[in-house]
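The values are calculated or read from the model by the stated rules, or taken from the named source; none is laboratory data. This structure is a prediction, so every number in the text was calculated from the model and none was measured. Positions of Cβ are backbone-derived with ideal geometry, glycine not excepted, and every protein chain shown enters the neighbour counts. Remember, those area values only see protein heavy atoms, side chains included, never the ligands or the DNA or RNA. Shrake-Rupley method; radii C 1.70, N 1.55, O 1.52, S 1.80 Å.
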Amino acid sequence: MKDEKETLRKTDESIHVMESFDPAILSDVPAPVVSLYIPVHHSEREERRDIWDRDMFKDLMKDAERTLAESYSKDAYKGILEKADYLLAHPDMPLWLHAGEGLGFLMGNDDVYVYNLFFAPDPMVAAGDTYFVKPLLRNFQYGTEYYVLELGNDRFSWAKGDRTHVQRQQLPREVHDYFSELFANSDDTAADMKKDELGALDYITLEGHMGQYHDHQSRNDVKKEDAAQWFRYVNKAVNDYLVRDDTTPIILCCDEEYEHAFRKICTLRHLLPEGIKKDPAGLDGKALLEESLAVMDGIRDANIKQAAEQFGADAAHGKASDDFDAIGMALAERRVAALFMVKGKILPGGFDINTGTVAFDGNPNPVDDGYIDPAAPDITDAFAQAALAQDAHIYIVEQDQMPTASPAAALFRYAE
């Protein structure tokens, strides 16, 4: 019994819920491995796993096991099966209960990496020597995290968001201390409790008690020069205490009349050029999320469109191609600047990063026509992993967003 408990404890500790995708986990992974993706159904979930999700996970693992059995002894993938069984046997694990629109699992004998997805993936499994990561790359491209700087001419707040929610952050002690000399009531604990809001220097806790800097003027009477000095204080507080070395993009949310004045003095390196031109005091959480996603999606779509339009001009000068052999060779030579791919597992075959050679699998032989082949590697996924290693921009898009009719295309750093 003691040994059994110890085994369960070690299994539990080997399952890691990941907040972001780190390409380092792709290096030196002992084969075999399994990559599994499922959508999550929320309509009937009441603090439990939905039966539909459980059956889908189980069916995909059966496909993976059949594929693994063709090339490996059972001992070679014993750890993977044990971890899959543990996941199925524990439906109340937080990773199930707090799932978003989907879940991704990268499973090895030693560790399982679990990713909460912001979109519902097609159910699929891949089993073999390498992980399949395109859905993860799409997820972290599609579900970018961001900050929102909610700014008025006499107060501000700081929020963090993703695809599913935006949440106001408690300001650190250093910010309270920094502003205490400027705003006598900026750390008014009684006001915080009365307003049912943690933190200070935000729209709720400061409402109704102005600080000494504005000499007790009303918000409407604050002079432009006073507001400009306030903006400089906010800029310094955010720079010094809230972001520091953080590269997460920042959305500015403020009334349009204050935007130019703040951007004129702003030194925040990752402040996005497009913001929310509305008074944040009038936005509830749902509205702020919708406005934030509109900004993030607009920037992402504009970047994709710009790169796709650049493809035509670059291709004419030997700096872009949708030919698989040319892309493979460019990846081997580490000169790919941007890689376009259609989402999903679409091109069974192999790619050798050392030689740039691309080999198509003419007989993918799927285990079940309802699922994509769990055995053969996908060429475009191998392209993506190679592109990650050379810091290329990766765009995983719908076919109509591709620069050509090909399912893969690349822009090069320089002509061949």
(message) Filter the range 235-258 down to the residues that are over 14 Å from Ala159 (Cα atoms) and either buried (at least 18 other Cβ atoms within 10 Å of the Cβ) or in contact with a strand residue (DSSP E or B) (Cβ under 7 Å, 6 or more places away or on another chain) (or both) and list them by number.
(response) Asn235, Ala237, Tyr258
(request) Output the number of residues of the range 316-336 satisfying the condition of being in a helix (DSSP H, G or I) and open to solvent by 40 Å² or more (accessible area, probe 1.4 Å). (result) 2
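Can you report the number of residues in the range 376-413 which are of a type in the set (Asp, Glu), touching a Lys or Arg at 6+ places or on another chain (Cβ under 8 Å) and open to solvent by 20 Å² or more (accessible area, probe 1.4 Å)?
1
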(request) Quick one: in the range 35-60, of everything that is surrounded by fewer than 16 Cβ atoms within 10 Å (Cβ to Cβ) and assigned to a loop (DSSP other than H, G, I, E, B), which residue is modelled with the highest pLDDT? (result) His42
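Can you find even one residue in the range 128-140 that is under 14 Å from the mean Cα position of the chain (by Cα) and assigned to a loop (DSSP other than H, G, I, E, B)? Don't jump to the end; show me each part of the working.
Taking the range 128-140 as the starting set, the residues that turn out to be under 14 Å from the mean Cα position of the chain (by Cα) are 133-140.
Subsequent filtering for residues that are assigned to a loop (DSSP other than H, G, I, E, B) retains 133.
Yes.
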(request) Test each condition in (1) under 30 Å from Ser35 (Cβ atoms); (2) open to solvent by 40 Å² or more (accessible area, probe 1.4 Å) for Gln167 and report the one that comes out false. (result) (1)
(request) List every residue pair whose Cβ atoms lie under 8 Å apart, where the two residues are 6 or more positions apart in sequence or sit on different chains, the first residue falls within the range 287-300 and is closer than 15 Å to Phe118 by Cβ, and the second residue, located anywhere, is assigned to a helix (DSSP H, G or I). (result) Arg300/Gln141; Arg300/Tyr142
(message) If the requirement is being crowded, with 22+ Cβ neighbours inside 10 Å and in a loop (DSSP other than H, G, I, E, B), which of these qualifies: Asn109, Asn153?
(response) Asn153
(message) Take the residues in the range 112-137 that are among the charged types (D, E, K, R) and surrounded by fewer than 19 Cβ atoms within 10 Å (Cβ to Cβ); name whichever of them is nearest to Tyr72 (Cα to Cα).
(response) Asp129
(request) Check Lys264 against each of (1) touching a helix residue (DSSP H, G or I) at 6+ places or on another chain (Cβ under 9 Å); (2) open to solvent by 40 Å² or more (accessible area, probe 1.4 Å); (3) within 28 Å of Glu19 (Cβ to Cβ) and name the one condition it does not meet. (result) (3)
(request) Out of the residues in the range 74-83 that are of a type outside the set (Asp, Glu) and touching a residue at least 24 places away in the same chain (Cβ under 8 Å), state the one that is farthest from Leu117 (Cα to Cα). (result) Ala76
(request) Please indicate, with yes or no, whether at least one residue in the range 8-25 is at pLDDT 95 or above and either in contact with a Ser or Thr (Cβ under 8 Å, 6 or more places away or on another chain) or open to solvent by 80 Å² or more (accessible area, probe 1.4 Å) (or both). (result) no
(request) Report yes if Asp63 is surrounded by 15 or more Cβ atoms within 10 Å (Cβ to Cβ) and modelled with pLDDT under 85, otherwise no. (result) no
(message) So, in the range 400-416, how many residues would count as being within 18 Å of Phe324 (Cβ to Cβ) and at pLDDT below 90?
(response) 1
(message) Among the residues that make up the range 281-289, is at least one of them assigned to a helix (DSSP H, G or I), under 30 Å from Ala387 (Cα atoms) and either open to solvent by 20 Å² or more (accessible area, probe 1.4 Å) or touching an Asp or Glu at 6+ places or on another chain (Cβ under 9 Å) (or both)?
(response) no
(request) May I ask you to list pairs of residues, at least six apart or on different chains, whose Cβ atoms are under 8 Å apart, with the first in the range 113-127 being farther than 20 Å from Asp378 by Cα and the second being among the basic types (Lys, Arg) and crowded, with 18+ Cβ neighbours inside 10 Å? (result) Phe118/Arg163; Phe119/Arg138; Phe119/Arg163
(request) Identify all residues within the range 19-34 that are farther than 15 Å from Leu388 by Cβ, out of contact with any Gly (no Cβ under 6 Å at 6 or more places or on another chain) and not in a loop (DSSP other than H, G, I, E, B); write none if there are none. (result) Val34
